[in-house]
Amino acid sequence: MTTTERERPRRTSEAITLSVVCAAQFMVVLDISVVNVALPSIKDSLGFDDSGLQWVVNAYALTFAGFLLLGGRLADLAGRRRVLLIGLAAFSAASLAGGLVDSAGPLVIARAVQGLGAALLAPTTLTILTASFPEGPRRTRALATWTAVGIAGGTAGNLVGGLLTEYLSWRSTLLINVPIGLAAAVLTVRYITADKPAPSRPRLDVSGAVLATAGLGILAYGITQAASDGWGARATTLSIVAGVLLLMVFVLVEARLAKSPLIPLRIFGNRSVSAGNVAMLFAGACLNPMWYFLTLAMQNVLGYSPVQTGLAFLPHTIVAIAIGAGATPWLMRRIDGRVLIAGGSLLAAAGFWWQAQLTIGSGYIMGILLPAIVFSLGSGMLNTPITAAVNSGIAPEDAGAASGVMNTTKQVGGALGLAVLITYAAASGSDKADLLDAYNRAFYAIAAIMIVTAAVALTLPAHRDHAD
């Protein structure tokens, strides 16, 4: 048997594994944004009031953020394939239930269960990927594909949500997950090998799980309230303070009391993990809120429809995927990863500065397309190296915990960044000029934060992939 013939089964198995984890990750990211365009239709169909409608989005976001650390550690303790299947089942069942409800309350509950399923899926898919591909170019290519699919899911959410809502029904924005989830579950059972049982699996750190989930959930709620009610609101202040205190107690328990900690604090002794997560926090605070402000700018200032807005985002996706999945693995064999992250951050900062020059009379090419190409080139360059950094040098038994921390950092960074930017860039009036001024201030602020991300990236250890 030739070397090529011996390699073929392994490459086929790796391709199927990558397809499964990417499908699951696509659903997770898609559902963060897919219902946004459908919200007016959901409100009319189920009778939501203005204050209640936000919970169609927040119920998903809060449970997702709150359970990420627990989801990552469960993958280490209960087995990666088992947790992936549980996450797929929970997410798909909640999507089916949400698509069939006839009142407001059950939809919010279904979205919360979706968030729980997503919190199991996001870190587990990354853990399976890092366990299936050894460090080096093969893992980098897999991470690049996984990251690109996440970018595609975020962008596709607006377009898919607009198309499904306009031509079918808002219910289809949830029901679309069911066949994807079922297909991923079938492939998981058939092709992904169950984890080999460890001689003695450590027990779940129940106290740490409760403290981390409660702390992150309450902190995420406070940040969400800040975006709508302001930082001085009583509910905002109390929630943020309570969330921070619970997380401080969590760190104390993990460091001093837990025999099998939910998050082994030793992983932060790895400079790639600690500095990489700080860079991820700042990058998440820029790249996630960008979609929010650019969507509003296109619809409220330039007058685009929801479908036109979704189509206008396609170049962002195409460029970021082309660079992230195509060029970045090649670059990481030739250029230090921290240089790629810093360079990508500075390029993205230049693109966001250009985006801040938007005017009421801007056409699509100068106002949206060209700035998008610049900051999408930058984000495509930095996403994969950051993901590789925060998952490098991690022992297999801690891989799920590290993935949970990374996903939590990105999610909290996005929520915190959005809340801060909404407050900073509050419009002084409701006409187009006032709104445009607010959106452009947000893009200037995002550009400044990306420069900080570049500075943090330079504190990472040097890293370059070796050839296969």
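Table for the structure above
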quantity	calculated
Selected residue (only one of Leu262, Leu216, Leu247 is assigned to a helix (DSSP H, G or I) and either in contact with an Asp or Glu (Cβ under 7 Å, 6 or more places away or on another chain) or modelled with pLDDT of 80 or more (or both))	Leu247
Cross-chain or 6+ apart pairs with Cβ under 7 Å, segment 181-195 first and polar (S, T, N, Q), then exposed (fewer than 14 other Cβ atoms within 10 Å of the Cβ) and at pLDDT 80 or above	none
Among the candidates Glu135, Glu166, residue that is at pLDDT below 80 and assigned to a loop (DSSP other than H, G, I, E, B)	Glu135
Residue satisfying all of: in segment 248-265; in contact (Cβ under 8 Å) with a residue 12 or more places away in the chain and more than 24 Å from the chain's Cα centre (by Cα); surrounded by the most Cβ atoms within 10 Å (Cβ to Cβ) among these	Pro261
Residue within segment 413-425 that is polar (S, T, N, Q), touching a residue at least 60 places away in the same chain (Cβ under 8 Å), out of contact with any Pro (no Cβ under 6 Å at 6 or more places or on another chain) and surrounded by 19 or more Cβ atoms within 10 Å (Cβ to Cβ) present	no
Options Gly87, Gly117, Gly105: the member that is in a helix (DSSP H, G or I) and either farther than 17 Å from Cys22 by Cβ or polar (S, T, N, Q) (or both)	Gly105
Leu382 being within 16 Å of Ala454 (Cα to Cα), modelled with pLDDT of 80 or more and assigned to a helix (DSSP H, G or I)	yes
Some residue of segment 106-122 being polar (S, T, N, Q), within 19 Å of the chain's Cα centre (by Cα) and assigned by TED's automatic domain parsing to the domain that holds Val21	yes
Meets criteria (surrounded by 24 or more Cβ atoms within 10 Å (Cβ to Cβ), in contact with a Leu (Cβ under 9 Å, 6 or more places away or on another chain) and outside the structural domain of Leu77 (by TED's automatic domain parsing)) for Thr384	yes
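The values are calculated or read from the model by the stated rules, or taken from the named source; none is laboratory data. Given the structure is predicted, the values throughout are model-derived calculations rather than measurements. Note that each Cβ is placed from the backbone with ideal geometry, even for glycine, and that neighbours are counted across all protein chains shown.
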